[in-house]
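Report on one structure; see the data block that follows.
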Amino acid sequence: MLRFLRRQSMRWLALLGFCELLLLAMSLTLATYIRYGRSPDELAEFTVHLPERSLVFAVIIIIGMVALGQYQAHIRMTRFGLVARQFVAFVLGGILLVVGYYVVPQAYVGRGVLAIALIIGFLLVLGLRMLFLQLVEVEALKRRVLILGAGNRAAQIHNQMRRRTDRRGFCVVGYIPHANETIAVPEEHLIRTMLPLHALVQREQIDEVVVGVDDRRGHLPMDDLLECRQIGITITDLTSFFERESGRLQITFLDPSWLVFSGGFNGTPLRQLSKRCFDIGAASLLLVLCWPLMLLEALAITIESGIGQPILYRQERVGAHGATFQLMKFRSMRTDAERDGVARWASKNDDRVTRVGRISRKLRIDELPQLWNVLKGDMSIVGPRPERPQFVADLATQIRYYSLRHSLKPGLAGWAQLSYPYGATVEEAAEKLKYDLFYVKNHNLMLDMLILIQTVEVVLFGRGAR
């Protein structure tokens, strides 16, 4: 029974969302009865279509929570951070509901009901979240993972996934040393036994064996691994394990054969059509919603820099398959920012950034003109961020597989922007590439929608902006 529960742990996040949807719907229903319980006439009036109104309330708040990253599989935050993000999510959801009631007056539930429902919903969801976090930390409900190998490759799990939040959902039972490899894992984590592998996994109640030996050519116990498969044990390659658990590709593990045979890289005509339709629809909607903000930005730049100074800034960037295009942005730096013609990454507290530019960069307003690049087809709404040709030429010679990020159109938002801050060095660019390659390999319409919604979190908290 415990093994069954552990194997379903990847679906617990969806179950959490469903339970929270029910709690939020119940919150509006309860708030209606609290507010109008002493007035039968008003209660009868406001309970008409109450199930539908409760469902709308719940869905909007859930969208707010998705936008704040509350349903990410790899949640890394303190309890205070959880409460803060949930509070902002409820504020965002409340604003969306007020706008919705203005557009559709028939859905209006009353200010008192809405306020009570938000308070009740916040407390109920917070309580469930706290319980959920306690539950996922129970060792008995985590997938038990055995690592085959204890060399440099296997040690990456110990070195890079040592935090509790990195191992939420699984626990490493131990590492089995393999012949002809230098031990790189601490002795206390090693399992030395004469038992066959399939007998060991049964004794230790293992759910998954991760193959992480340094040299697999002719050195894998294939018969034992086959025995494990026949008794229902999952066998996973180390690269695939990292991809699944961390949301990034570990570049040091990659080899061409794994990239060719591992799946993903969906470039079918149907996927290209769905991505283009999503780009056009999302860019058009954002332009309709953001044009007043863009007008204010243009006015602020004019006031600060003076009439006659450029408002927009065009810069050559690398697009799909290495083709270049002219990217449009609101100007956020001085007009002489690169008077010597040398391309430079923006640095923290860069003195080239104007006062208006500092605010617009923090809120990502300077990037809104790129919606025109999306409509033109140079960019997508979601994808790896476009880089300048000078940086690309330099990074491609220093970082393996860097050119793979150009197999898709660059994006206004991206998985790397959600997962990693601004990169201004070769080392940081290499780290961001891990997330870019994860997106390039696994992109689909649902992932695009989730990234776009969660980009709201980046804007509100100013993560990665320089």
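Each reported figure results from applying straightforward, stated rules to the coordinates on display, with no laboratory input. The structure presented is a predicted model; accordingly, all values stated were derived computationally and were not measured. A quick note on method: Cβ atoms are made from the backbone with ideal geometry, for glycine too, and the neighbour counts reach across all protein chains shown.
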The chain: antiparallel bridges as % of DSSP beta bridges, rounded to 5, reads 30 percent
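Which net charge results for the neighbourhood of residue 59, defined as the other residues with beta-carbon distances under 14 angstrom from its beta-carbon, given Lys and Arg at +1 and Asp and Glu at -1?
Numbers: positive: 53; negative: 20, 52.
Residues near residue 59 contribute -1 overall.
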So which lysines can residue 348 reach, going by Cα to Cα under 25 Å and dropping same-chain residues fewer than 8 places off?
329, 362, 432, 434
Going by the alpha-carbon gyration tensor, a ≥ b ≥ c the square roots of its eigenvalues, is the range 229-290 rounded (a/c under 1.5) or, if a/c is not under 1.5, prolate (a/b greater than b/c) versus oblate?
prolate
Listed with the fewest Cβ neighbours within 10 Å leading, 161, 222 appear as 222, 161
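By the gyration tensor of its Cα atoms, with a ≥ b ≥ c the square roots of the eigenvalues, what is the shape of the range 403-454: rounded for a/c under 1.5, prolate for a/b over b/c, or oblate? Numbers along the way, then the final one.
On the way: a/c = 2.20, a/b = 1.43, b/c = 1.54.
Note, shape of the range 403-454 comes out oblate.
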For the chain, what's the relative contact order in percent, using C-alpha pairs closer than 8 Å and at least 6 residues apart?
13 percent
Whole-Å semi-axes of the range 142-246's equivalent ellipsoid (Cα gyration tensor):
19, 17, 13
I need the Debye-formula profile for the range 2-136: one equal scatterer per C-alpha, no solvent, reported as log10 I(q)/I(0) at q = 0.19, 0.20, 0.22 1/Å, two decimals.
-1.04, -1.13, -1.30
Please enumerate, by chain and number, the aspartates and glutamates with C-alpha under 12 Å from the C-alpha of residue 441, excluding those fewer than 8 residues away in the same chain.
243
Restricting attention to the range 155-250, which trypsin sites (Lys or Arg not before Pro) occupy a DSSP loop and are surrounded by at most 14 other Cβ atoms within 10 Å?
162, 163, 192, 217
